[in-house]
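Engineer: Let me give you the structure first, and then I'll get to my questions.
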Amino acid sequence: MSELHPTGIDAYKPSEIANLVRVAGVSKVHLPLVNMFTLAVLAGAFIAFGAVAFSMVMTGTDPGFGPSRFLGGVVFSLGLVLVVVGGAELFTGNALIVMAAVDRLVSPGELIQNWMVVYAGNFIGAVGVAAAVALSGILDGPIGTTASNIAEAKAALGSVEALMRGVLCNVLVCLAVWLSLAARTVTGKILAIIWPIATFVLLGFEHSIANMYLIPQGIFSGATVSAGDFAHNLFFVTIGNIIGGAGGVALAYRLAYGPRTK
């Protein structure tokens, strides 16, 4: 068993987390494609559940009111809690596989294949839940107006805004995953996830997989958002998510803790 953290906290040390991330990266790219895709669909659905809960929390409130947004972020954290604790493959979190790729434990081809399969699965899971929610009639109530407003606000973002909000978002998402790996208990993992996720929602940053649900939800609610607007937002937010997660977290910690240790 690993020794306690120097501070006495019962958690893995950062250098140990780095090794856990490398090992996880190798495991993720070697998943059979059917398993990988199935877990990706689940992750897209899990994030969507957090997003629909966020939409309900924001209904009837001022979208610019900080405390409401923070509460919405806490509720939205459900998505990543389900992914991490329940087990699923999330594209944004898988940006951390870059750490294993830099150490040549994972080939560039394996990394790209994982990202492509997981991204596609996340899309299907998120859009599927959006369609199910629309068919349930939930969006016929006040939440439908909220959903439309959310989608239209996202579609109105410029390219640079969407890119940078994507970068900042996935720095926090990957830090949430990183911190969850430090915890040895389910309770610890949940508490580690909530704060970074609630913060990115509070600040209005952009998460590509969440947008795979939120924008279709708005479209189903009557938002004036075209398929081109949806694609534009996803493209720049996705690129930003890759930069923030792979560069802002994975490569930064790789520089900090060096190559794999025994």
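Yes or no, residue by residue, for (1) over 12 Å from the mean Cα position of the chain (by Cα); (2) at positive phi:
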residue	(1), (2)
TYR119	no, no
GLY128	yes, no
GLY137	yes, yes
ILE143	yes, no
LYS154	yes, no
PRO196	no, no
ASN211	no, no
ILE215	yes, no
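Engineer: Just one of VAL167, VAL117, VAL127 is in contact (Cβ under 8 Å) with a residue 60 or more places away in the chain, open to solvent by 20 Å² or more (accessible area, probe 1.4 Å), assigned to a helix (DSSP H, G or I) and farther than 25 Å from ASP229 by Cβ; which is it?
Structural biologist: Values: VAL167 fails: farther than 25 Å from ASP229 by Cβ; VAL127 fails: farther than 25 Å from ASP229 by Cβ.
Checking each option against the conditions leaves just VAL117.
Engineer: Within the group ASN19, ASN94, ASN35, which residue is out of contact with any helix residue (DSSP H, G or I) (no Cβ under 8 Å at 6 or more places or on another chain) and at pLDDT 95 or above?
Structural biologist: The match here is ASN35.
Engineer: Answer yes or no as to whether GLY60 is at positive phi and either at pLDDT below 95 or in contact with a Phe, Trp or Tyr (Cβ under 8 Å, 6 or more places away or on another chain) (or both).
Structural biologist: Considered against the rule, which asks whether it is at positive phi and either at pLDDT below 95 or in contact with a Phe, Trp or Tyr (Cβ under 8 Å, 6 or more places away or on another chain) (or both), GLY60 comes out as yes.
Engineer: Using the structure shown, decide if PHE235 is at pLDDT 95 or above and not in a helix (DSSP H, G or I).
Structural biologist: It is false that PHE235 is at pLDDT 95 or above and not in a helix (DSSP H, G or I).
Engineer: Another question, if that's okay. Mind checking which residues of the range 26-68 are of a type in the set (Val, Ile, Thr), in a helix (DSSP H, G or I) and over 20 Å from ASN170 (Cβ atoms)?
Structural biologist: Restricting attention to the range 26-68, the residues satisfying the condition of being of a type in the set (Val, Ile, Thr) are 26, 29, 34, 38, 41, 47, 52, 57, 59, 61.
Subset that is in a helix (DSSP H, G or I): 26, 29, 34, 38, 41, 47, 52, 57.
VAL26, VAL34, THR38, VAL41, VAL52, VAL57, listed by residue number.
Engineer: Checking the condition touching a residue at least 60 places away in the same chain (Cβ under 8 Å), aromatic (Phe, Trp, Tyr) and open to solvent by 50 Å² or more (accessible area, probe 1.4 Å), which residue from PHE76, PHE70 passes?
Structural biologist: Of the residues listed, the single one that is touching a residue at least 60 places away in the same chain (Cβ under 8 Å), aromatic (Phe, Trp, Tyr) and open to solvent by 50 Å² or more (accessible area, probe 1.4 Å) is PHE70.
Engineer: Quick check, is PHE76 under 15 Å from ALA210 (Cα atoms) and of a type in the set (Phe, Trp, Tyr)? Please lay out each step first, then the result.
Structural biologist: Working: under 15 Å from ALA210 (Cα atoms): yes; of a type in the set (Phe, Trp, Tyr): yes.
Judged against the criteria, PHE76 is a match.
Engineer: Going through the range 181-195 one residue at a time, which ones are touching a residue at least 24 places away in the same chain (Cβ under 8 Å) and either in contact with a Pro (Cβ under 6 Å, 6 or more places away or on another chain) or surrounded by fewer than 23 Cβ atoms within 10 Å (Cβ to Cβ) (or both)?
Structural biologist: Matches in the range 181-195: LEU181, ALA182, ALA183, ARG184, VAL186, GLY188, LYS189, ILE190, ILE194.
The values are calculated or read from the model by the stated rules, or taken from the named source; none is laboratory data. Small disclaimer: the values here were computed from a predicted structure and weren't measured. Positions of Cβ are generated from backbone atoms using ideal geometry, with glycine treated the same way; all protein chains shown enter the neighbour counts. Side chains are part of the model used for accessible areas, which takes the heavy atoms of the whole protein and leaves out ligands, DNA and RNA. Shrake-Rupley method; radii C 1.70, N 1.55, O 1.52, S 1.80 Å.
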